[in-house]
Every structure is written in C-alpha cells, then in structure tokens.
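These notes are about the structure you will find just below.
The values are calculated or read from the model by the stated rules, or taken from the named source; none is laboratory data. Computed from a predicted structure; not experimentally measured. As a convention, Cβ positions derive from the backbone with ideal geometry for all residues, glycine included, and neighbour counts pool all protein chains shown.
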Amino acid sequence: MNSGQSPSNDDADLVRRFIAGDRQAFDDLFALYAPQILAFLAARTDNLADAEDLLHDVWIKASTHVATFDGNNFRAWIFQIARNTLYDFSKSPRRRKKPSSINDEHEPGGEDDPSARISREEELTALQVCMNAVGGEFVEAVRRSKVDGESPEDIANDLGIDVGTIYSRIHRGKKKLLDCLEKKLK
C-alpha cells in the first residue's frame, strides 16, 4: 500500500482481526507494513542490523500495546511506534558504536592484544553456554539466521510457518541470549 493511499476494506478487516488477537492477521499486517517500516528505520540508523532489531521491537510493542490503538489509522499508529522506538534507541546505550579503523588492531584492545583475545574467548564460551541453557525455538531461530546464514523466509518455508513468526523468534531469542550473557559476563 502506498503511503498516500487509504486502507482497503481488506486492510481494515486485518486490523480488526489483529485487535481481536488473530495471529494470522498480525503476520499479514507484518508482511504488508514491515518493508515500509524497515526502510524508514534503515534510513535513520547506522546499519541494517540495528534497523532490523528496531523493526522487531516495533512489532512486539504493537502486539503488546494493541489496546492503545483507537482503530482509525493503523499505518499512522504503527509508524508512530516506529518513531518512538527509533527515538528511544537513539538515546540508549544499546546503540552500537561506529566500526573502529583498520589500524586499531595494533592498539591496546585491538586484535593483537592478548587481554582482548582472552575476553573474546570468554564471551564465546559464555555464548555457547547460554545457547545450550536457553535453547528452544527462539535460540534455534537465532542460530539458523545469524550463525548458519539462512534467511528468515527460508527458515519459515522449512518449518511451514509465517515469516513474521520467525522474525519474532529471532528477536526474542536474541533478547534471551543477551540477558543470559549479561548475567554470565558480570
């Protein structure tokens, strides 16, 4: 749907079903609006990975705060959530740092620094422990997408489920792993 276009009757039906808690309606709305929201976020972040993470945050907020939707303009509502999420991200310590320069490997903390190498080894060990401890479909989605390099679409086709479900699982899996890692590496 173009930004200037009013919602069709089909879109209004999807929105009504989404409000009623219909998971398929959520998936259909995600498929319809996610590319637009991702483009909006990607144009305003430093990298696509941040934009994808924010996209998942937007849809999780939409599903958990559906009661705040007045039923009038779903596109405006979901984009307001995207703007707010982007604003929160821009103010958070979670925001990723710029890549270091190519010569940083010779400085303290760079590739040749033994203390950094030990730290990375500890992080990798902690990550493996967390992947085993957390387990489940969320971690499996993260492993398949981030480690094995499979696209969410391929994973969804393989499992016979909607791609929106895979995006949600990836987001939740990353959050669970991050929470576990923060506890392990304190």
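Scanning region 135-150 for residues that are more than 16 Å from the chain's Cα centre (by Cα) and either modelled with pLDDT under 80 or assigned by TED's automatic domain parsing to the domain that holds His56 (or both) gives a single hit, Asp148.
Looking at (1) over 13 Å from Phe79 (Cα atoms); (2) in contact with a Ser or Thr (Cβ under 6 Å, 6 or more places away or on another chain), which one does Glu52 not meet, given that it meets all the others? Just one mismatch for Glu52, condition (2).
Among the residues of region 56-72, those identified as free of Cβ contacts under 8 Å to residues at least 12 places away in the same chain and either of a type outside the set (Gly, Ala, Ser) or closer than 23 Å to Lys174 by Cα (or both) are Thr64, Thr68, Asp70, Asn72. Any residue at all in region 169-177 that's without any contact (Cβ under 8 Å) to a residue 40 or more places away in the chain and outside any helix (DSSP H, G or I)? No, that holds for no residue.
Here Gly164 passes the criteria (1) in a helix (DSSP H, G or I); (2) modelled with pLDDT of 85 or more except the one numbered (2).
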